[in-house]
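Structure, as structure tokens:
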Amino acid sequence: MEKKSTNPKIVVCLFLLIVFASCKKEGTSTKSSTSLASSVTASPVTLGLYEYAVGVDKRIFIPLTKIGTKTISYLGIFDTGSTGMTLDAADIIPASMITSSGITFTGDSTVVNGITITSQKSVIAYGGGDDITKEYGYLAYAAVTIGDANGKLSITRTPFFLYYKIVDGNGQQEAAHSADVFGVGPGVSYSSNLIASPLSYYSPGTGLTSGFKLATMVSSYFTSTVKYVPALLTIGLTSTDLASASGFIMHPLTYYSVGGYSPEIPATITYGSNSTSAEILFDTGTPSVTIIEDSKATNSIGELPVDTKVTVTTNKGFVYAYTTTSTGNLTEIENPNVTGDYRTIFSLDFFISNEFLTDYAGHQIGLKND
């Protein structure tokens, strides 16, 4: 199971709301830069993302504009809580190849529109409890272009999950592309240890470290109208980003034989008069409700009352505090002995007031109060 609290339903058909304009081709210099390539320090790439909300459920999206040789215009859920890109096969490959039971081809693999589809079949699950969404698909490889007319970035041949069917917790098949996910977490996907964050396959250039940082979200842009927010995502980290003077508090990640480096961070959480130790995940893919797992909790605790103060202190001294309201910072208390999941997962609300950094090369996550 990839993660606990992603509910993709609010994005059904959302990709139809945005039309991506074509970009003007830039002129090509006739001067050779070969002699300078080894000495010129590269610059990070900054892209905008899109914010959207339905009621209390919030989303941030990254535009997906090319896969293999196929030009597309979809929005992927930008997700720090899972690893790897998932993309619906509909309109990506010929409809004649897609059935309810799989993608039809012979042999170990096939190439369609510059996309290599392998015979390695799997299932990815998102959600928790009775609300589990499942994607059925295959390991695939292709070059990927992210961004739109406001700025683009091409990533070399990248492994991803090409799904042919998506089913909700009631067994109902959902609309095509209703849950395309752009998972940027560290480690590897549970569906295949060959699938990792697409951003980890991008080489940022001389002097930069593989990774990304997120600026704080714009709270007022979470509306029912999809809004573009420039410069939210920076790809490629500088030495300044990783220095203590940057204000980011770094958290080394733990490696596991399954899943690789985990994004979960040890912490202590207090809520009201209660305190518990926790393994916490800061998750842009969780749209509204933070779930705190407390083994001392009773089944009846459930949602915290409005005006409850919650304070999180990580093992490296990062402190995050908030107060629950009726429309934001919604928080529930669960018992891991009942749910079977020990992870405490903080929702997208965290990213409204805090900056976030993932260093793929150094296997660490940085947190910073805005």
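Just to check your reading of the model, which residue among Ser22, Ser35 is modelled with pLDDT under 95, assigned to a loop (DSSP other than H, G, I, E, B) and of a type in the set (Gly, Ala, Ser)?
The match here is Ser22.
Just one of the numbered conditions (1) closer than 26 Å to Phe282 by Cα; (2) crowded, with 16+ Cβ neighbours inside 10 Å; (3) out of contact with any Ser or Thr (no Cβ under 8 Å at 6 or more places or on another chain) is not true of Ile93; which one?
(1) is the only condition that Ile93 fails.
Criterion first (surrounded by 19 or more Cβ atoms within 10 Å (Cβ to Cβ), within 16 Å of the chain's Cα centre (by Cα) and assigned to a strand (DSSP E or B)) does Gly137 satisfy it?
Spelling it out, it is not the case that Gly137 is surrounded by 19 or more Cβ atoms within 10 Å (Cβ to Cβ), within 16 Å of the chain's Cα centre (by Cα) and assigned to a strand (DSSP E or B).
Would you mind finding the one in Ser224, Ser262 that is in contact (Cβ under 8 Å) with a residue 40 or more places away in the chain and farther than 21 Å from Ser326 by Cα?
Criteria check complete, one pass: Ser262.
Report yes if some residue within segment 328-350 is touching a Lys or Arg at 6+ places or on another chain (Cβ under 6 Å), outside the structural domain of Thr80 (by TED's automatic domain parsing) and of a type in the set (A, V, I, L, M, F, W, C); otherwise report no.
Scanning segment 328-350, I find at least one residue that is touching a Lys or Arg at 6+ places or on another chain (Cβ under 6 Å), outside the structural domain of Thr80 (by TED's automatic domain parsing) and of a type in the set (A, V, I, L, M, F, W, C), so the answer is yes.
Based on what the data block shows, is Tyr126 modelled with pLDDT under 95, in contact with an Asp or Glu (Cβ under 8 Å, 6 or more places away or on another chain), in a strand (DSSP E or B) and of a type in the set (Phe, Trp, Tyr)?
It is true that Tyr126 is modelled with pLDDT under 95, in contact with an Asp or Glu (Cβ under 8 Å, 6 or more places away or on another chain), in a strand (DSSP E or B) and of a type in the set (Phe, Trp, Tyr).
Could you count how many residues in segment 103-119 are buried (at least 16 other Cβ atoms within 10 Å of the Cβ) and in a strand (DSSP E or B)?
Residues meeting the conditions: 7.
Taking only pairs six or more apart or across chains, which ones have beta-carbon atoms under 7 Å, a first residue in segment 241-255 that is touching a residue at least 40 places away in the same chain (Cβ under 8 Å), and a second residue that is polar (S, T, N, Q)?
Leu242/Thr209; Ser246/Thr240; Met250/Gln364; His251/Thr314; His251/Gln364; Pro252/Gln364; Leu253/Ser262; Leu253/Gln364
Output the residues belonging to segment 219-247 that are in a loop (DSSP other than H, G, I, E, B) and among the aromatic types (Phe, Trp, Tyr).
Within segment 219-247, Phe222 is the sole residue that qualifies.
Every residue, every condition in (1) of a type in the set (Gly, Ala, Ser); (2) in a strand (DSSP E or B); (3) farther than 22 Å from His363 by Cβ; (4) at pLDDT below 95, yes or no:
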| position | (1), (2), (3), (4) |
| --- | --- |
| Thr133 | no, yes, yes, yes |
| Tyr141 | no, yes, yes, no |
| Leu153 | no, yes, yes, no |
| Gly171 | yes, no, yes, yes |
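Checking the conditions here, which among Ser219, Ser203, Ser197 is within 16 Å of the chain's Cα centre (by Cα) and touching a residue at least 40 places away in the same chain (Cβ under 8 Å)?
None of the other options fit; the residue is Ser197.
Can you tell me which residue among Ile117, Ile98, Ile72, Ile62 is under 24 Å from the mean Cα position of the chain (by Cα) and under 19 Å from Tyr136 (Cα atoms)?
That would be Ile117, the only listed residue that is under 24 Å from the mean Cα position of the chain (by Cα) and under 19 Å from Tyr136 (Cα atoms).
Is it true that Leu214 is assigned by TED's automatic domain parsing to the domain that holds Thr65, crowded, with 18+ Cβ neighbours inside 10 Å and under 15 Å from Glu355 (Cα atoms)?
Yes; evaluated as a whole, the condition is true for this residue.
Identify the single condition in (1) modelled with pLDDT of 95 or more; (2) surrounded by fewer than 21 Cβ atoms within 10 Å (Cβ to Cβ); (3) within 18 Å of Ser288 (Cα to Cα) that Ile60 does not satisfy, given that it satisfies every other one.
All conditions are met except number (2).
Considering each of Thr209, Thr254, Thr223 in turn, give the residue that is in contact with a helix residue (DSSP H, G or I) (Cβ under 9 Å, 6 or more places away or on another chain), surrounded by fewer than 23 Cβ atoms within 10 Å (Cβ to Cβ) and either at pLDDT 95 or above or basic (Lys, Arg) (or both).
Thr209
Would you mind telling me which numbered condition in (1) closer than 12 Å to Ser347 by Cα; (2) among the charged types (D, E, K, R); (3) loosely packed, with under 14 Cβ neighbours inside 10 Å Asp307 fails?
Answer for Asp307: the failing condition is (1).
Filter segment 70-100 down to the residues that are farther than 20 Å from Tyr201 by Cβ and assigned to a strand (DSSP E or B) and list them by number.
Within segment 70-100, Thr71, Ser73, Leu75, Asp88, Ala90, Ile93, Ile98, Thr99 meet the criteria.
Which residue pairs have Cβ atoms closer than 7 Å, lie 6 or more positions apart in sequence or on different chains, and pair a first residue in segment 329-344 that is more than 19 Å from Phe282 (Cβ to Cβ) with a second residue that is polar (S, T, N, Q)?
Matching pairs, first to second residue: Asn335/Ser295; Asn335/Asn299; Asn337/Ser295; Val338/Asn299.
Can you pull out the residues in segment 228-249 that are small (Gly, Ala, Ser) and touching a strand residue (DSSP E or B) at 6+ places or on another chain (Cβ under 9 Å)?
Ala231, Gly236, Ser239, Ser244, Ser246, Gly247
The values are calculated or read from the model by the stated rules, or taken from the named source; none is laboratory data. Only a predicted model underlies this, so the values are computations on that prediction, with no experimental measurement involved. All Cβ positions, even for glycine, are placed from backbone atoms using ideal geometry, and neighbour counts span all protein chains on display.
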